[in-house]
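Shown next, in structure tokens, is the structure this report addresses.
Every number here is computed from the coordinates shown, using simple stated rules; none is lab data. The model shown is predicted, which means the values in this text are computed figures rather than measured ones. Note that we place each Cβ from the backbone using ideal geometry, even for glycine, and neighbour counts take in every protein chain shown.
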Ligand SMILES: Nc1ncnc2c1ncn2[C@@H]1O[C@H](COP(=O)(O)OP(=O)(O)OP(=O)(O)O)[C@@H](O)[C@H]1O
């Protein structure tokens, strides 16, 4: 259970099944402060499930997860989460700015009532993702890319130390995708980032490391992510080698 000071997220031999269908098996992975980790793998490989375990939304069947050396639930206030936008219902009358403000819930002293400071932070986050001009719009009126930026701004106003993003640029055009990743790269200077993606070629120019997940885990540096590995990961049933960086 002992981990070095820079390890923010420690996943130790974690297995998880929905009912009796195993989704993750013996996952061991340490995420260090300052990393920009890409989590890749085929559909149904367990990527979203792993994020939910890190967030404490699900509990491992076996193994342990420590976040900042503590249980995921008690560390949740230090984590930002951008869910898959397709999974985010928006059929209710709420504005862009109000949505971003939800990220401040429970952070400011006066619970249930936002302070001027909360408003300023929401504006600043919207400016950061370059959609301040949309702040009075209803969520229903946004494009997929605009909604994605709203969800990122909402995560940013929590001022998280770690930002977890689940396919933040799915269904977003290339230019917007590049903008969002350029922005994430800037944030990575003071924020640890874990991003789920299908587009290995694209994210490999941004991330510092990739973890490949297909029920089990292979972890490689970007430089080692060659065609053979990708074919192995997506092509055949995998008998994976678990390459951990730390052997204590
Ligand atoms: N709430 C749930 N109940 C039952 N099974 C689930 C649930 N959520 C996910 N699953 C199943 O668990 C498996 C892993 O799903 P998960 O969403 O973690 O994969 P993923 O790698 O994020 O996939 P994708 O790339 O398609 O988003 C899939 O087979 C999925 O059908």
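Spin-label model, residue 57 to residue 113: label points 7 Å out along the Cα-to-beta-carbon direction sit 3.2 nm apart. Judged by the gyration tensor of its Cα atoms, with axes a ≥ b ≥ c, the range 30-104 is prolate; a/c meets the 1.5 cut and a/b is the larger of a/b and b/c.
Counting other beta carbons within 10 Å of each Cβ, put 133, 199, 12, 166 in order, fewest first. Spell out each step's value before the answer.
Numbers: 133 10, 199 13, 12 17, 166 23.
Exposure proxy ranking, most exposed first: 133, 199, 12, 166.
Can you classify the range 125-171 as rounded, prolate or oblate using the Cα gyration tensor, where a ≥ b ≥ c are the square roots of its eigenvalues, rounded means a/c under 1.5, and otherwise it's prolate if a/b beats b/c and oblate if not?
Working: a/c = 2.36, a/b = 1.29, b/c = 1.83.
Note, shape of the range 125-171 comes out oblate.
Just the Cα atoms of the range 167-207, one point each, no solvent: what log10 I(q)/I(0) does Debye give at q = 0.20, 0.22, 0.27 Å⁻¹? So the normalised log intensities work out to -0.57, -0.69, -1.04.
Residues of the range 49-75 with an amide N closer than 13 Å to a point placed 7 Å from the Cα of residue 17 along the Cα-to-Cβ direction: 61-62. When both the range 145-167 and the range 43-57 are represented by their alpha-carbon centers, they are found 17 Å apart. If the chain linking residue 137 and residue 199 were pulled fully straight, counting 0.36 nm for each residue of separation and taking away their Cα-Cα distance, it would gain 19.3 nm.
Answer rounded, prolate or oblate for the range 8-155, using the Cα gyration tensor with square roots of eigenvalues a ≥ b ≥ c: rounded when a/c is under 1.5, else prolate when a/b is larger than b/c, else oblate. Prolate is the answer for the range 8-155, as a/c is 1.5 or above and a/b outweighs b/c.
Extending 7 Å from Cα along the Cβ direction at residue 44 and again at residue 178 yields two label points whose distance is 3.6 nm.
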